[in-house]
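Below: one structure, written as structure tokens.
Only the coordinates and a few stated rules stand behind these numbers; no lab work does. If you're wondering where the values come from, they're calculated on a predicted model, not measured in any experiment. Here the Cβ positions follow ideal geometry from the backbone for every residue, glycine too, while neighbour counts run over all protein chains shown.
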Amino acid sequence: MSPFSPHRFPSPVNKLEFCIDLAIQTLAEVLQDIQNKPLLPVSFIGLACHAFIAIVCGIVVSFFPDDFDRATDRWRFREKDVGPDVSHWPTDISRDIMPVGCHSHNDYWRPIPLYSALQAGCIGVEADVWLIEEELYVGHTTSSLTPKRTLKSMYIDPLLKILDQQNPRTQFHPTDDRPLQGVFDTNPSQTLILLIDFKTDGEATWRSVVTQLMPLRERGYLSYFNGTDVVNGPITVVGTGNTPFNMVMKSAVCRDIFFDAPLERLAENDSADDHLGLETDQPKPQEQVVQIESSTENVGQGLSGIPAVDIHPNTFNSTNSYYASVSFRKSIGFPWSFRLTEGQMAKIRAQIQAAHRRGLKVRYWGLPSWPRSLRNHLWSVLVREGVDILNVDDLQSATRKDWRPKFSDWWS
């Protein structure tokens, strides 16, 4: 099996219902026997224990579905039954996994960074990087950094291994595919977005990130702008946090690190965009983009490396940016009535329209995570309105898309 194959068993609720039905059926048989003939006390106790065990098994399975799946998979799906040469193929590392428009927020906190997100089907992962003594360490704060948790060890090297396996050279396939296949075997053209959040000085961190991406670049695995068009690759690198926009713009011929544009600013300039006639499928040509004066200010997502006075309606487009992001809580606000107001909905729609007209993907971060019913409602609304990728912590809930209201969601 694939190292991150999805489970093939029914949901925990179905398992519990099945075992409860079995217990009820057993008790019904007991009652039937009582009506037909006298029942010895020992037989009655035995059948009652049978029903009790069935209920206990159902509860155990419902609370520990993953362990049950792993145990049963050992005998239900044994390779020796069909042979490894039949059950595997060169590019099966992501077999049965369907990519979903979700972003693994703080991915380095996962049980297995990168792989947990891929198993769920997420098309985006996030790494916060700190440049310390010429090395890029990954973690939420400096107190969480360790020598072994680096951008290279946690993301670059694993991605190289996955993509080399997805693009093999064999006697049946002696040349590379063009375009190269991505990490998802079910959709090889789907790019994986590697969002790198610069936590230290933008320009110094930029130089180190560019150097460490070299192995992916040399193999042709990175999306890039060639001066005329954006060429999609298996990996699309996006810089956020203190990523300096002026450094992004300096890479005019082979730009393979894209910017995380300020979504709220795009909507504020939307009326100016209408005047300029900017279209989604016709981004502003590179030579007409306003030249940006260098800035070394580390002022956070979407604003680093560019003075505020130099942000114009045509500054950000698909040739230099990939995402357009903003904090949901700061920009839209908390839905205190547990439903979005008309004003909040109008602001969301304006921001989505402004980003899409420039060919950018919309991403909101900082959504309420509790109660889950509210979170699920917001996910449903955002997807319906056209948000391209959900910024999530709960990978399983996001990728399953079972966001129907549940009574238990109000306290869990």
How much length is gained on full extension from residue 140 to residue 207, taking 0.36 nm per residue of separation minus their Cα-Cα distance?
22.0 nm
Per-residue counts of other Cβ atoms within 10 Å, averaged by peptide: what ranking do you get for 257-268, 154-165, highest first?
257-268, 154-165
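What does the charge count around residue 100 come to, taking other residues whose C-beta lies under 11 Å from its C-beta (Lys +1, Arg +1, Asp -1, Glu -1)? Could you put the intermediate results ahead of the total?
On the way: positive: 400, 401; negative: none.
My count for the surroundings of residue 100 gives +2.
Anything over 29 Å Cα to Cα? Flag those among 161/199; 148/199; 152/330; 250/361; 148/250; 250/330, in the order listed.
152/330; 148/250; 250/330
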Any chance you could check the Cα centroid distance between region 98-121 and region 170-224 for me, in angstrom?
17 Å
Need the full-extension length gain, residue 171 to residue 310, defined as separation in residues times 0.36 nm minus the C-alpha distance. One decimal, nm.
44.6 nm
Quick one: if the Förster radius is 41 Å, what FRET efficiency do residue 370 and residue 214 give, using the C-beta to C-beta distance and rounding to 0.05?
0.45
At q = 0.16 Å⁻¹, what base-10 log of I(q)/I(0) does the Debye formula yield for region 201-253 when every alpha carbon is treated as an equal point scatterer in vacuo?
-0.49
Most packed first (mean Cβ within 10 Å per residue), the peptides 239-249, 370-380 order as 239-249, 370-380
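Using packing as a proxy for protection, rank 172-178, 391-397 so that the peptide with the highest average count of other Cβ atoms within 10 Å comes first. Don't skip to the end; give the middle numbers.
On the way: 172-178: 9.0, 391-397: 18.3.
Highest mean packing first, the order is 391-397, 172-178.
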What is the distance, in nm, between label points placed 7 Å from the Cα along the Cα-to-Cβ direction at residue 161 and at residue 339?
5.0 nm
